[in-house]
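> Sending over a structure as structure tokens; questions will come in a sec.
The values are calculated or read from the model by the stated rules, or taken from the named source; none is laboratory data. Values in this document were obtained by computation on a predicted structure and should not be read as measured data. Positions of Cβ are generated from backbone atoms using ideal geometry, with glycine treated the same way; all protein chains shown enter the neighbour counts. Just so you know, the surface numbers come from the protein's heavy atoms only, side chains and all, with ligands and any DNA or RNA stripped out. Shrake-Rupley method; radii C 1.70, N 1.55, O 1.52, S 1.80 Å.
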Amino acid sequence: MKIIPIYNPIGVCYRFSDRTIRRCGPSFATPTQLDPFRPMKTLFALLLGLAVAAPVLADSLPVLKVSARDGVLEPAVIEAPAGKRFVIEVTNDGKAVMEFESHDLKVEKVIPPGHKASFIIRALKSGEYRFYDEFHEKTGQGKVIVK
């Protein structure tokens, strides 16, 4: 006699070779019974997530603020620590759209009036890194001095 399990939303039914169906009802198997390693997998996933997130949460990055007002960036020169990541927060206080761009820092973003944008900058070596407002290149110039 051949037994064929039939899986459906209400549970497991068994069809026998003589075409009769028996034990059709809800399946009382818990997820742990189906996968005995499930609690261990869940714990591992939580620990892995904590291990990845802990350094990021513990490392508060310095925030350097730049304000763009009608094509002028203030302050035009900002200082950052060498070998450490930091955040540049650009606020567009002007009436026109601006595009904060830096080939040296590898960032570019269009910022509408009244909005902010933040850029996480990788750890840099000592030096000067230029940034500018692409829509107002003559007046919207600035640089980051990394020491």
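> Out of all the residues in segment 71-90, which are among the aliphatic types (A, V, I, L, M) and under 11 Å from V146 (Cα atoms)?
Those that are among the aliphatic types (A, V, I, L, M) and under 11 Å from V146 (Cα atoms): V77, I78, A80, A82.
> Another question, then. Tell me which residues, restricted to segment 55-92, are among the basic types (K, R) and part of a loop (DSSP other than H, G, I, E, B).
K84, R85
Condition check ((1) surrounded by fewer than 17 Cβ atoms within 10 Å (Cβ to Cβ); (2) of a type in the set (A, V, I, L, M); (3) assigned to a strand (DSSP E or B)) across all residues:
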site	(1), (2), (3)
G94	no, no, no
E101	no, no, yes
D104	yes, no, no
V110	yes, yes, yes
P113	yes, no, no
S118	yes, no, yes
L124	no, yes, no
E128	yes, no, yes
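> Counting just the residues of segment 40-71 that are open to solvent by 60 Å² or more (accessible area, probe 1.4 Å) and modelled with pLDDT of 90 or more, which one comes out nearest to the chain's Cα centre (by Cα)?
That would be V63.
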